[in-house]
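Notes to accompany the following structure.
FYI, it's all coordinate maths here, none of it is from the lab. Worth saying up front: this structure is predicted, and the values here are computed from it rather than measured. No Cβ is skipped: glycine too gets one built from the backbone with ideal geometry, and neighbour counts run over all protein chains shown.
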């Protein structure tokens, strides 16, 4: 991973994955990241 532990702006992510036509799709990106986090995070019973 090139950017492990670093904050990346919405614009940089959208530019990298979708190019200029998708630079303003920030709401879509937020929804996608939320779903991804839910899949990656531990179930509530296992959280500390």
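Scoring 30-38, 12-20 by mean Cβ neighbours within 10 Å over their residues and listing the highest first yields 12-20, 30-38.
Rounded, prolate or oblate, given the Cα gyration tensor of segment 1-44, with a/c below 1.5 counting as rounded? The shape class here is oblate.
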